[in-house]
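Asks: The structure's right below; bear with me while I get my questions together.
All of the numbers you see were taken from the coordinates with simple rules; none came from a lab. Computed from a predicted model, the values in this text were never measured in an experiment. All Cβ positions, even for glycine, are placed from backbone atoms using ideal geometry, and neighbour counts span all protein chains on display.
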Amino acid sequence: MSRTSKDLFAPLKMGSHTLKNRIGLAPMTRMSSEKDGIPRQDVLDFLVRRAENDVALITTEAIVSDYESAQGYPGQARLTTQRQVDAWAQVNAKIRAAGSVSVLQIFHCGRIAWDAVNPAERTIAPSALIPRQNNPLTGAPYPVPDVMSSFDIAHVIQGFVETVKGGIAAGFDGIEIHGAHGYLINAFLSAYSNQRADNYGGSVENRFRFAREIVEAVRPHVPADKLLFFRISNWGVADMEVSLFTDADEWTEVIRFLDRLPIDAISVSTYRFGDEAFGTGKNMAQLTRSATRKPLLICGGIHDLDTAEAALADADMILSGKSLLLNPYWVNDLRANKPMDAYSSEQANIAYTKEPLP
């Protein structure tokens, strides 16, 4: 990729694609599907509108990887049927016409799931451990998950493959494997949620095995002219105060393993991009950069031109969640250096209602 400029509005070469600037829409877990595993039309229109308003990289909400155990929230979308492929193909055509790049994010909720919404009414995880906090959707403890067998592992990996096939058929420019936020892949990576004694537990290399096998399984189905990203974080949507990796050494070891995989970029999710990581005196992007030369995407607390430029100093592209969720003209407002306050999580809760987004 080109490193000739860190200008927020300069083009960025990534793989066979040239993104028109360094600004992307962050993926967000949603509950927007009311029928057939397809998001509501206003949600699909929201993605297109961001592309038309100069957001270079458009990432979908998290799409569940299989029809059985992957779903964790009501109303989540899937992408394995022709009807779903056709719906997304129309969206991707419009995003491409606007000069932007579309990326499909795929995940499996693992233990961060409400078992009643799974078609098989089960949750699965590397170990039979539940989060400390209750499920905010039910107010009750999360169910104790089934410990994944080798059969379960193979089944889940195949689910990622089938959903990747759906994404490519629908015309996405790239795929992102969601390995962050305490969901299934992240649960394997973290010793906090992985207490296995087999080849998928114990050492960092063993805990990384599941992520590696997913990437290696899907890569042959992602054409050379398409992008493949991996998303990672040190925090989860449950037990948010817990550091999912023990220290900087463990984090950088995982990043080095990612660096060896056939992926095009690493997307790092943080609370606040500038926070010190593991007492190292570096932020998470700086620490990650010490272990990889792959392009880095960063998000967390980016809301105006000052924070966007500060975040870009240590990464190659910035991602916005709340600001782009609530302000379709955010890129133009950045260009104008318009004063903008950060949106609150309460304001962003519109994403989990049926109210149409701006």
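Asks: Amide H neighbours of Gln105 under 5 Å, at least 5 residues apart or on other chains, H built in the peptide plane: list them.
Replies: Those qualifying (amide H under 5 Å, at least 5 residues apart or on another chain) are Thr60, Ile63, Glu176.
Asks: Assuming a strict under-14 Å limit between Cα atoms, what lysine pair count do you get for the chain once near-sequence pairs (fewer than 8 apart, same chain) are dropped?
Replies: 5
Asks: Considering the chain as a Gaussian network with a 10 Å cut-off on Cα pairs, which listed residue, Met317, Met148, Met284, attains the greatest mean-square fluctuation?
Replies: In the Gaussian network model the winner is Met148.
Asks: Taking Cα pairs under 8 Å and at least six residues apart, what relative contact order does segment 144-248 come out at, in percent?
Replies: Taking the mean separation of contacting Cα pairs over the length of segment 144-248, I get 34 percent.
Asks: Once amide H atoms are placed 1.01 Å from N in the peptide plane, what residues at a sequence separation of 5 or more from Tyr192, or on another chain, have their amide H within under 5 Å of its amide H?
Replies: none
Asks: Given the options Pro74, Pro126, Pro39, state which has the largest fluctuation in a GNM of the chain using a 10 Å cut-off (strictly under) for Cα springs.
Replies: Pro74
Asks: Can I ask one more? HN-Hα J couplings of segment 100-109 from phi, Karplus 6.51/-1.76/1.60, θ = phi - 60°, integer Hz, Gly and Pro as x?
Replies: Working through the residues one at a time gives 10, 10, 10, 10, 8, 8, 10, 8, 10, 5 Hz.
Asks: Given contacts defined as C-alpha pairs under 8 Å and at least six residues apart, what's the relative contact order of segment 96-164, whole-number percent?
Replies: Relative contact order for segment 96-164 comes out at 29 percent.
Asks: Further question on the same structure: Output needed for segment 1-94: three equivalent-ellipsoid semi-axes, defined as square roots of 5 times the C-alpha gyration tensor eigenvalues, in descending order, whole Å.
Replies: 29, 14, 12
Asks: Let me ask something else about it. What are the GluC sites (Glu not before Pro) within segment 171-244 that DSSP puts in a loop, where the Cβ has at most 10 other Cβ atoms within 10 Å?
Replies: The qualifying sites are Glu241.
Asks: Hydropathy first: keep DSSP H helices in the chain averaging at least -0.5 on Kyte-Doolittle, then drop any whose Cα extent along the axis falls short of 20 Å, and list what survives.
Replies: Passing helices, by number: 150-169, 204-218.
Asks: Over the chain, with a single point scatterer placed on each C-alpha, what log10 of the ratio I(q)/I(0) does the Debye formula yield at q = 0.08, 0.10, 0.13 1/Å?
Replies: For the requested q values the scattering log ratios are -0.34, -0.55, -1.00.
Asks: Check Ala265: other-chain or 5+ apart residues with amide H under 5 Å from its amide H, H built from backbone geometry?
Replies: Leu228, Phe230
Asks: A further question follows. Cβ neighbours within 10 Å, averaged per peptide: list 329-335, 167-173 in order, most packed at the top.
Replies: Answer by packing, highest mean first, reads 167-173, 329-335.
Asks: Place +1 on the Cβ of every Lys and Arg and -1 on the Cβ of every Asp and Glu in segment 1-99, take the dipole about the Cα centre, and give the residue among Val85, Phe9, Ile38 whose Cα lies farthest towards its positive end.
Replies: Phe9
Asks: Please work out the ratio of the alpha-carbon Rg of segment 78-196 to 2.2 N^0.38 Å and round it to two decimals.
Replies: 1.21
Asks: Would you kindly work out the equivalent ellipsoid of segment 248-327 from its C-alpha gyration tensor and give its semi-axes, the square roots of five times the eigenvalues, largest first in whole Å?
Replies: Equivalent ellipsoid of segment 248-327: 22, 15, 10 Å, largest first.
Asks: At 222 nm, what helix-only mean residue ellipticity would the chain give, in deg cm²/dmol to the nearest 500, using -39500 (n - 2.57) for each DSSP H run of four or more?
Replies: Theoretical 222 nm ellipticity from helices: -9000 deg cm²/dmol.
Asks: Turning to a different aspect of this structure: About its Cα centre, how strong a charge dipole does segment 138-277 have in debye, to the nearest 20, once Lys and Arg get +1 and Asp and Glu get -1 at the Cβ?
Replies: In total the dipole reaches around 340 debye.
Asks: In segment 183-246, if the dipole is taken from +1 on Lys/Arg beta carbons and -1 on Asp/Glu beta carbons about the Cα centre, which of Phe245, Val222, Ala197 is farthest to the positive end?
Replies: So the residue furthest toward the plus end is Val222.
Asks: Among Asp36, Asp115, Asp259, whose mean-square fluctuation peaks in a Gaussian network model of the chain (Cα, cutoff 10 Å)?
Replies: Fluctuation is largest for Asp36.
Asks: Per residue, how big is the convex hull of segment 296-358 when only Cα atoms are used? Give it in Å³.
Replies: Expressed per residue, the convex hull around the Cα atoms of segment 296-358 is 82 Å³.
Asks: Could you run the Karplus curve 6.51 cos²θ - 1.76 cosθ + 1.60 with θ = phi - 60° over segment 185-192 and give me ³J(HN,Hα) per residue in whole Hz, x for Gly and Pro?
Replies: Result, rounded to whole Hz: 4, 5, 5, 5, 5, 9, 5, 5.
Asks: Can you tell me the relative contact order of the chain? Whole percent, Cα pairs under 8 Å, sequence separation 6 or more.
Replies: 16 percent
Asks: Please give, to one decimal in nm, the separation of the simple spin-label points placed at Ala342 and Arg132, each 7 Å out from Cα toward the Cβ.
Replies: Spacing of the two 7 Å Cα→Cβ label points: 2.3 nm.
Asks: Rounded to the nearest 0.05, what FRET efficiency do Ser290 and Glu241 give with R0 = 22 Å and r taken as the Cβ-Cβ distance? Could you check?
Replies: So the FRET efficiency works out to roughly 0.30.
Asks: Starting from one equal scatterer on each C-alpha and no solvent at all, send me the Debye-based log10 I(q)/I(0) for segment 132-198 at q = 0.20, 0.23, 0.24, 0.27 Å⁻¹, two decimals.
Replies: -1.01, -1.12, -1.15, -1.23
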